[in-house]
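Worksheet: one structure, shown below.
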Amino acid sequence: MKSALVDTSSGRRLQEMHVESIGSDHACLHAGAEVRDLAGADLPIAVDELLAAYRGNEDSGIDAVAHRVVHGGEKFVEPARLDDSVLAEIEQLSHLAPLHNPPALAAIQRARAALPDVPHFAVFDTAFHATLPDHSREYALPAGVRQRYGIRRFGFHGINHSHVASSVAAHLHTELEKLRIISCHLGNGASVTAIAQGRSVDTSMGMTPLEGLVMGTRAGDVDPGVLLQLQRADDLDADELDDLLNKRSGLKGLTGTNDMREIERRASKGDRDCVLAIEMYVHRVRKYMGAYAVAMGGVDAIAFTAGVGEHSALIRRRCLERLEFIGAVLDLERNDAAKLSGDHPIATLCAPKSMVHLLAVRADEELAIARAAASALGG
Ligand code: ADP
């Protein structure tokens, strides 16, 4: 669980903390260089500890709490001020993001109890993709089926894709409306978004965060016929397929780990599974980049963000090599040297002659979430 106390006018983080390994004996709270043991802490206790630590900071003066909620469904396309009825509506969306929405709701409930006198907001990862044109958002299924179950593509990571787009525009001193951007969010979950004139026009995740790229533990695109085959041949039920696709596939299924650092290390020593995993991972990103460049009729900037996108020069290089034909020329030294931080949240990766800007952008969901809540508050 990540968190930050943000001054929304300056964009500065006054304090940041995160809790790791919630629910295990290794649970611990990281506050700057300090690490506090929270062995055995479950999610509600982790929330209590975090908020107590913020309130311990006398100058904190918290005005609002803003929570990231992954799935906002059809309804939530703006930040929502939380009350019991909004929470009940979010709860009804849990089946669309079973890994994400239920723990977010549990954390929200605990935080509202701990800080009842300030407004709480939900900011939705699906909201930025509310602009998807019909041809990107619909699946080619019969209209009756789609309507009965609300089946459509929603897209995710919108908070960060939107932050990346505005950061790229500010960095290039260009109006967002004049840019065609491909934003590659490569973390444990991973998605690519095509952003034209500041609007999401296509994205690789679909109705749930399962579609698209090869991810840490998720398979991404799989022929639906494979699932039919597994149901028929192995008698797998929905929960077993869910577990297979969400938790046992992707990099973890290919190599045994979802940690890209370890995969890169093992690949450099010749581990064939890891070599193949990197090739598949990169190939899938390139397929989406190519598709989106064509869909937008060209591309002005390609940005990499999140754990792998920010830190792995190898993955960025492999994704961006041989793109001269679209005018994108990577500078290998710049790519190797790129180091992002709070003070340097964006780095140029391309050669001066490149017609397409290639960038690494630090994910800052906390700032984007805080700003969304501030603007909903009219601040
Ligand atoms: P989450 O989606 O959980 O927020 P992150 O954005 O933190 O995930 O990304 C996690 C991924 O980033 C992991 O696969 C991790 O191995 C990878 N990662 C972090 N640092 C590096 C690095 N220096 N090189 C390669 N991969 C890295």
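Among the numbered criteria (1) within 30 Å of His67 (Cβ to Cβ); (2) of a type in the set (A, V, I, L, M, F, W, C); (3) not in a strand (DSSP E or B), which single criterion is violated by Leu359?
Evaluating Leu359 over (1) within 30 Å of His67 (Cβ to Cβ); (2) of a type in the set (A, V, I, L, M, F, W, C); (3) not in a strand (DSSP E or B) leaves (3) as the failure.
Residues checked against (1) farther than 22 Å from Gly216 by Cα; (2) out of contact with any helix residue (DSSP H, G or I) (no Cβ under 6 Å at 6 or more places or on another chain); (3) among the small types (Gly, Ala, Ser); (4) not in a loop (DSSP other than H, G, I, E, B):
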site	(1), (2), (3), (4)
Tyr281	no, yes, no, yes
Glu310	no, yes, no, yes
Arg316	no, no, no, yes
Glu333	yes, yes, no, yes
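Yes/no per residue for (1) within 25 Å of Pro345 (Cβ to Cβ); (2) without any contact (Cβ under 8 Å) to a residue 60 or more places away in the chain:
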site: Arg272; (1), (2): no, yes
site: Leu276; (1), (2): no, yes
site: Ile302; (1), (2): yes, no
site: Leu320; (1), (2): yes, yes
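Would you mind stating whether His129 is of a type outside the set (A, V, I, L, M, F, W, C), surrounded by fewer than 24 Cβ atoms within 10 Å (Cβ to Cβ) and more than 16 Å from the ligand (Cβ to nearest atom)?
Considered against the rule, which asks whether it is of a type outside the set (A, V, I, L, M, F, W, C), surrounded by fewer than 24 Cβ atoms within 10 Å (Cβ to Cβ) and more than 16 Å from the ligand (Cβ to nearest atom), His129 comes out as no.
Kindly indicate whether any position in the range 34-45 is in contact with a helix residue (DSSP H, G or I) (Cβ under 8 Å, 6 or more places away or on another chain), farther than 17 Å from Gly61 by Cβ and touching a residue at least 60 places away in the same chain (Cβ under 8 Å).
Yes, the conditions are met somewhere in the range 34-45.
Take the conditions part of a helix (DSSP H, G or I), within 16 Å of the ligand (Cβ to nearest atom) and small (Gly, Ala, Ser) and apply them to Gly253. Does it pass? So that I can check it myself, show each step before the final result.
On the way: part of a helix (DSSP H, G or I): yes; within 16 Å of the ligand (Cβ to nearest atom): yes; small (Gly, Ala, Ser): yes.
Answer is yes for this residue.
Please work out if Glu78 is outside any loop (DSSP other than H, G, I, E, B) and over 26 Å from Leu38 (Cα atoms).
no
Filtering the range 260-275 down to residues that are crowded, with 16+ Cβ neighbours inside 10 Å and under 21 Å from the mean Cα position of the chain (by Cα), which residue is nearest to Gly309 (Cα to Cα)?
Met260
Can you name every residue in the range 310-343 that is away from the ligand (no atom under 16 Å from the Cβ) and farther than 16 Å from Cys184 by Cα?
Result: Arg322, Glu324, Phe325, Ile326, Gly327, Val329, Asp331, Leu332, Glu333, Arg334, Asp343.
Would the range 102-125 turn up any residue that is touching a Leu at 6+ places or on another chain (Cβ under 9 Å) and farther than 22 Å from Ala374 by Cα? Let's see the steps before the verdict.
Here is the first cut: in the range 102-125, the residues touching a Leu at 6+ places or on another chain (Cβ under 9 Å) are 103, 105-112, 114-115, 119-122.
Add one more test, that the residue is farther than 22 Å from Ala374 by Cα, and what stays is 103, 106.
Yes; the residues of the range 102-125 include at least one that is touching a Leu at 6+ places or on another chain (Cβ under 9 Å) and farther than 22 Å from Ala374 by Cα.
Yes/no matrix, rows are residues, columns are (1) farther than 26 Å from Gln147 by Cβ; (2) charged (D, E, K, R); (3) in contact with an Asp or Glu (Cβ under 8 Å, 6 or more places away or on another chain):
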| position | (1), (2), (3) |
| --- | --- |
| Gly40 | yes, no, yes |
| Pro44 | yes, no, no |
| Asp63 | yes, yes, no |
| Ala80 | no, no, no |
| Leu93 | no, no, no |
| Leu96 | no, no, no |
| Ala107 | yes, no, no |
| Ala111 | yes, no, no |
| Val118 | yes, no, yes |
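Return yes or no: is His30 within 25 Å of the chain's Cα centre (by Cα), more than 25 Å from Glu89 (Cβ to Cβ) and at pLDDT 90 or above?
Judged against the criteria, His30 is a match.
Just wondering, is there one or more residues in the range 337-358 that are within 20 Å of Asn160 (Cα to Cα), modelled with pLDDT of 95 or more, in contact with a Cys (Cβ under 8 Å, 6 or more places away or on another chain) and crowded, with 22+ Cβ neighbours inside 10 Å?
There is at least one residue in the range 337-358 that is within 20 Å of Asn160 (Cα to Cα), modelled with pLDDT of 95 or more, in contact with a Cys (Cβ under 8 Å, 6 or more places away or on another chain) and crowded, with 22+ Cβ neighbours inside 10 Å.
The values are calculated or read from the model by the stated rules, or taken from the named source; none is laboratory data. Keep in mind the model is a prediction, meaning the values are calculated, not measured. With ideal geometry, Cβ positions are generated from the backbone for all residues, glycine too; neighbour counts draw on all protein chains shown.
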